[in-house]
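Contents: one structure, followed by commentary.
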Amino acid sequence: MAAFYTASTTATPPSLPKPYRPSSAAYLQSPPLKFNISSKITTTPSVFCTLTKQPMVSTEEVRPQAGFLQRPDSFGRFGKFGGKYVPETLMYALSELEDAFKSLSTDQEFQTELNGILRDYVGRETPLYFAERLTEHYRRPNGGGPHIYLKREDLNHTGAHKINNAVGQVLLAKRLGKKRIIAETGAGQHGVATATVCARFGLECIIYMGAQDMERQALNVFRMRLLGAEVRPVHSGTATLKDATSEAIRDWVTNVESTHYILGSVAGPHPYPMMVREFHACIGKETRKQSLEKWGGKPDVLVACVGGGSNAMGLFHEFVDDKDVRLIGVEAAGFGIESGKHAATLTKGEVGVLHGAMSYLLQDEDGQIVEPHSISAGLDYPGVGPEHSFLKDIGRAEYFNVTDEEALEAFKRVSRMEGIIPALETSHALAHLEKLCPTLPDGAKVVLNCSGRGDKDVHTAIKHLKL
Amino acid sequence: MASNPSNVFLQGGKFTEFGKPITLRKLFFSNPSVLPYNYRNFGAHISCSAIVEKLSPAAGQGELDSKSLTTRYLMTQKLPGQTEKPFSSTGKFGRFGGKFVPETLITCLSILEAELTLALHDTDFQEELATELRDYVGRESPLYYAKRLTDYYKNSEGKGPEIYLKREDLVHTGAHKINNAIAQAMLAKRIGRKSIVAATGAGQHGVATAAACAKLSLECTIFMGSIDIERQSSNVLHMKNLGAQVKAVDGSFKDAMSEAIRNWVGSLETRYFLSGTAVGPHPCPTMVREFQSIIGKETRKQAKEKWGGKPDVLLACVGSGSNALGMFHEFIGDEDVRLIGIEASHSASLSRGDVGVYHGTMSYLLQDEEGQIIGPHSIGVGLEYPGVSPELSFLKESGRAEFYTITDDEALDAYERLCRLEGIIPALEACHALAYLDKLCRTLDDGTKVVVNCSGRGDKDAAAVIMRKQDRLES
């Protein structure tokens, strides 16, 4: 369910203050919304939020550089992306969440509890591992080449980075006095992470999962049930992740007082993109500390796969203000960009509103969501986090894509070279190294976020690789 | 080219000839007069003053003399960071242990023992191993206070022991097996072997070995019983993904082990047998225990940090005993720490077995009246071994450790309990230890610190648990 608000492509109405309008023209090339099939492209942004009591940030002089801007601003916007496109019933819940989050970030007791859980339960810090054989593989004939390091998020409890956010949000929910937790899941990893933390903290847990996904991921469904969660199938639409998300939002609207919605990625209405990013930011913080210990400097390039964008944001956030660090996100190209069966939102998508946030998304001419495809269920999302859209637009981060085949090759390569079976999602980032490494100078330090382990993907891989 | 022993010196933990490293193996095979059968005379040929000088800080006081260097050295060792613990070069723990192997293997095992000793004293090797354990395996694994489990076991007055889980399920590949696999694979590479052979039951050791071999670019062959291949198909897929060759053997783990040893004996020069269990001829039990003892060392350190003391009770499941020994070994000398090992009721070598020799070692094992091996069974496939580590047999006989049994159903209940209470899916093997808490907790005083070794994660067991649940519902 996307909340649609009418937008005008002409001048601003006099009663509203002027919306934020940075001066850079390149930033405004495409029209923000595509509800009307209009051939006219204007340079005026014409999206308005609902009025709030908070004053507008006057930013005419400010150039859209990450360092200068508050990410997100008080409206929950990253440039023109983000925001809170939700029904009125949810506005209070979102403000309450934001206030609680802000107060808890300075609460020592909460931070100590969270850090204790991350250390003893989740198993942080995760190592920054020098991938010797992979580095050797990319070594050039003259002996030079980049050095590849893997940030081992696959070693976390439940086997993916998802738990960082789940733990943070469930502690937040407990503080808010909520007894019921809901979540959506595609591949099942976020569902398992949510069910895990709910079991740990004794909260009721309901997971919405598309009926088609439930068939593909039967083992994850069983794991969620074992952990005490109720898994509700969603049959509407295409019965996949985006429909599960819509159903979860619907549930939340109905039960907003008693329920907290643990969103799995940096998508959704403000404050979720910010919250999820903050809970995952430990990845980047640890990387900074560990790279300083290991080679006395910062990474030169950060590479991560992008589905919704949570693991990438977790790694990038710490380094966004460090101009000398390149940020590279890798999306899923499925059967290939031209085939139309892919999930490369930032490459082929256009700006629109989905699940409460404005961001790039895969949509057709009528503004309907296009069903994405990727061999990896975790990247199979037609949208992307608004902050990624912003970073792409201002040129701070670069986004590429990788096909299913290339990802499977990388899966096999890294398993056999490093003895680490990466998740198929991570394999997309690993596959991009093939194109990236030849372009890098000798000794460049590349840190790749190994966002999850591939135990869940062995059957798929074996089928495709015919081992 | 035969090496002249008088040119061989010990430098930095490696024997060197003309400044170039030389392995003991080359030394032994190039000059028959220094074969291990005569190693008591070893010292006469080599410039021992250099060796004694280099080794004396670590080797104890006044125990060495140039004539009987190797024997004495190997008999009393002070391993780095530990108090002196004697272990004999025949590998006996009381009457258990030993080297009951064909003559062809004796040389090989002695070389292995010497290499192990050198490696344990080589600071470079230790540093490299510590780095791999930290960056590759993901150590240290946390010591986690299981609050909800503790509350579950509190009595009506709210009193009960405090339960901590040593999270070996969080390490790379999901079980403690990797601690040993990576260390032995590094040892094998150091010795110069290119090919590894191993046997696996549940598949965890196979996966750990395959991972370590992939990382160190060693060829890897894993033998697995056909029964186990069916039951643990996901682990088989993992091994194949990691580039290992999986060979099926008729039967179960014990048959796979026999086949692996047979395969190894056929090409001793080129292959290295990576044992995952703390059984087998000396030095295998000791080697596996040494590499797994990191678990106990970390537990001591973490217990000190958390509550400023030691654990009161250590609880671990026992198949062959690698994870149990890894946890217990550090605390054997601490009499106030209770050591409890839990076996599967139909695989309970220590509780129900008799002493005999199997796979090269003397230990308790499940045997019938004619001394034939009884096939064990457990829902926790990793516990299905008819024998047990000789060191554990020794601990049982000396009364230092206690051993009990748990049935399949009790283990399954514990599996579900930990899932629901702590959100941790434990391996069915570890569930046996967790199940014993039901009986143990009510006998313990308020505030007793119990540390359970959560030796692996249970994702691999989900399918088996589904099937058993369905069977239980139908019956």
>> As an exercise: evaluate A:VAL253 against (1) in a helix (DSSP H, G or I); (2) within 14 Å of chain B (Cβ to nearest Cβ) and give the number of the one condition it does not meet.
In response: (2)
>> Condition check: surrounded by 24 or more Cβ atoms within 10 Å (Cβ to Cβ), under 23 Å from B:SER455 (Cβ atoms), within 14 Å of another protein chain (Cβ to nearest Cβ) and modelled with pLDDT under 90. Does B:GLN232 satisfy that?
In response: yes
> Name the residues in region B:371-421 that are at pLDDT 90 or above, over 24 Å from B:ARG468 (Cα atoms) and not small (Gly, Ala, Ser), would you?
Replying inline: B:VAL388, B:PRO390, B:GLU391, B:LEU392, B:PHE394, B:LEU395, B:LYS396, B:GLU397, B:ARG400, B:GLU402, B:PHE403
>> For the condition over 19 Å from A:ARG133 (Cβ atoms) and of a type in the set (A, V, I, L, M), what is the one hit in A:LEU424, A:LEU430?
In response: A:LEU424
> In region B:287-362, which strands (runs of 3 or more DSSP E) lie fully inside it and hold 3 or more residues that are farther than 19 Å from B:SER141 by Cα?
Replying inline: B:338-344, B:354-358
>> I'm checking my understanding of the structure. Among residues of region B:159-197 that are more than 26 Å from B:GLU140 (Cα to Cα) and outside any helix (DSSP H, G or I), which one is nearest to the other protein chains (Cβ to nearest Cβ)?
In response: B:ILE196
>> Within region B:201-228, take every residue that is more than 14 Å from chain A (Cβ to nearest Cβ), surrounded by fewer than 24 Cβ atoms within 10 Å (Cβ to Cβ) and touching a strand residue (DSSP E or B) at 6+ places or on another chain (Cβ under 7 Å) and give me the one that is nearest to B:SER267 (Cα to Cα).
In response: B:THR221
> Consider A:VAL266 against the criteria (1) closer than 10 Å to A:ASN165 by Cβ; (2) out of contact with any Lys or Arg (no Cβ under 7 Å at 6 or more places or on another chain): it satisfies all of them except one. Which criterion is unmet?
Replying inline: (2)
> Mind checking which pairs have a first residue in region A:176-203 that is at negative phi and away from chain B (no Cβ under 11 Å) and a second that is in a loop (DSSP other than H, G, I, E, B) and among the acidic types (Asp, Glu), Cβ under 8 Å, 6 or more apart or different chains?
Replying inline: A:GLY186/A:ASP380; A:ALA187/A:ASP380
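Every residue, every condition in (1) closer than 25 Å to B:TYR145 by Cα; (2) within 14 Å of chain B (Cβ to nearest Cβ); (3) in contact (Cβ under 8 Å) with a residue 60 or more places away in the chain, yes or no:
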residue	(1), (2), (3)
A:GLY83	no, no, yes
A:LEU90	no, no, yes
A:SER95	no, no, no
A:LYS102	no, no, no
A:SER105	yes, no, yes
A:GLU113	yes, yes, no
A:GLY116	yes, yes, no
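Please work out which residue is surrounded by the most Cβ atoms within 10 Å (Cβ to Cβ), limiting yourself to region A:118-138 and to residues that are of a type in the set (Asp, Glu) and more than 7 Å from every other protein chain (Cβ to nearest Cβ).
Ranking the candidates gives A:GLU125 first.
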> Hey, among A:GLY297, A:GLY237, A:GLY228, A:GLY268, which residue is in a loop (DSSP other than H, G, I, E, B), surrounded by fewer than 17 Cβ atoms within 10 Å (Cβ to Cβ) and at positive phi?
Replying inline: A:GLY237
>> With the structure loaded, tell me whether B:VAL137 is of a type outside the set (Ser, Thr, Tyr) and within 30 Å of A:VAL197 (Cβ to Cβ) or whether it fails that test.
In response: yes
> For B:ARG420, which of the numbered conditions (1) out of contact with any strand residue (DSSP E or B) (no Cβ under 7 Å at 6 or more places or on another chain); (2) crowded, with 24+ Cβ neighbours inside 10 Å fails to hold?
Replying inline: (2)
> If you scan region B:122-144, which residues turn out to be within 13 Å of chain A (Cβ to nearest Cβ), in contact (Cβ under 8 Å) with a residue 12 or more places away in the chain and surrounded by fewer than 18 Cβ atoms within 10 Å (Cβ to Cβ)?
Replying inline: B:GLU128
> Residues in region B:231-239: is at least one touching a residue at least 24 places away in the same chain (Cβ under 8 Å), closer than 30 Å to A:ALA423 by Cα and basic (Lys, Arg)?
Replying inline: yes
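Output the residues belonging to region B:98-121 that are of a type outside the set (A, V, I, L, M, F, W, C), crowded, with 16+ Cβ neighbours inside 10 Å and either over 19 Å from B:ARG262 (Cβ atoms) or over 18 Å from the mean Cα position of the chain (by Cα) (or both).
B:GLY98, B:THR107, B:SER110, B:GLU113, B:GLU115, B:THR117, B:HIS121, listed by residue number.
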>> For A:ASN220, only one of the following conditions fails: (1) over 21 Å from the mean Cα position of the chain (by Cα); (2) within 14 Å of chain B (Cβ to nearest Cβ); (3) at pLDDT below 90. What is its number?
In response: (1)
> Would you call A:GLU215 modelled with pLDDT of 95 or more, over 24 Å from A:LEU315 (Cα atoms) and out of contact with any Phe, Trp or Tyr (no Cβ under 8 Å at 6 or more places or on another chain)?
Replying inline: no
> Can you pull out the residues in region A:431-467 that are surrounded by 19 or more Cβ atoms within 10 Å (Cβ to Cβ), in a helix (DSSP H, G or I) and within 14 Å of chain B (Cβ to nearest Cβ)?
Replying inline: A:ASP455, A:LYS456, A:ASP457, A:VAL458, A:ALA461
> So A:LYS178 clears everything in (1) part of a loop (DSSP other than H, G, I, E, B); (2) in contact with a strand residue (DSSP E or B) (Cβ under 8 Å, 6 or more places away or on another chain); (3) crowded, with 24+ Cβ neighbours inside 10 Å except one condition, right? Which one?
Replying inline: (3)
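Okay, residues lined up against (1) out of contact with any helix residue (DSSP H, G or I) (no Cβ under 6 Å at 6 or more places or on another chain); (2) modelled with pLDDT under 90:
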position	(1), (2)
B:THR76	yes, yes
B:THR83	yes, yes
B:LEU105	yes, yes
B:GLU115	no, no
B:LEU120	yes, no
B:LEU129	no, no
B:LEU133	yes, no
B:VAL137	no, no
> Out of B:ILE191, B:ILE196, which single residue is in contact (Cβ under 8 Å) with a residue 24 or more places away in the chain, over 25 Å from B:LYS449 (Cα atoms) and out of contact with any strand residue (DSSP E or B) (no Cβ under 6 Å at 6 or more places or on another chain)?
Replying inline: B:ILE191
> How many residues, within region B:401-426, are within 13 Å of chain A (Cβ to nearest Cβ) and either touching a helix residue (DSSP H, G or I) at 6+ places or on another chain (Cβ under 7 Å) or assigned to a strand (DSSP E or B) (or both)?
Replying inline: 14
> Can you tell me which residue in region B:442-461 is nearest to the other protein chains (Cβ to nearest Cβ), limited to those that are in a helix (DSSP H, G or I) and surrounded by fewer than 20 Cβ atoms within 10 Å (Cβ to Cβ)?
Replying inline: B:ARG442
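Every residue, every condition in (1) at pLDDT below 95; (2) more than 17 Å from the chain's Cα centre (by Cα); (3) at positive phi, yes or no:
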| position | (1), (2), (3) |
| --- | --- |
| B:SER258 | yes, yes, no |
| B:TRP264 | yes, yes, no |
| B:THR270 | yes, yes, no |
| B:GLU298 | no, no, no |
| B:PRO311 | no, yes, no |
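The values are calculated or read from the model by the stated rules, or taken from the named source; none is laboratory data. Everything numeric in this text was worked out from a predicted model, so none of it was measured. For neighbour counting, all protein chains shown are included, and Cβ atoms are generated from backbone atoms with ideal geometry for every residue, glycine included.
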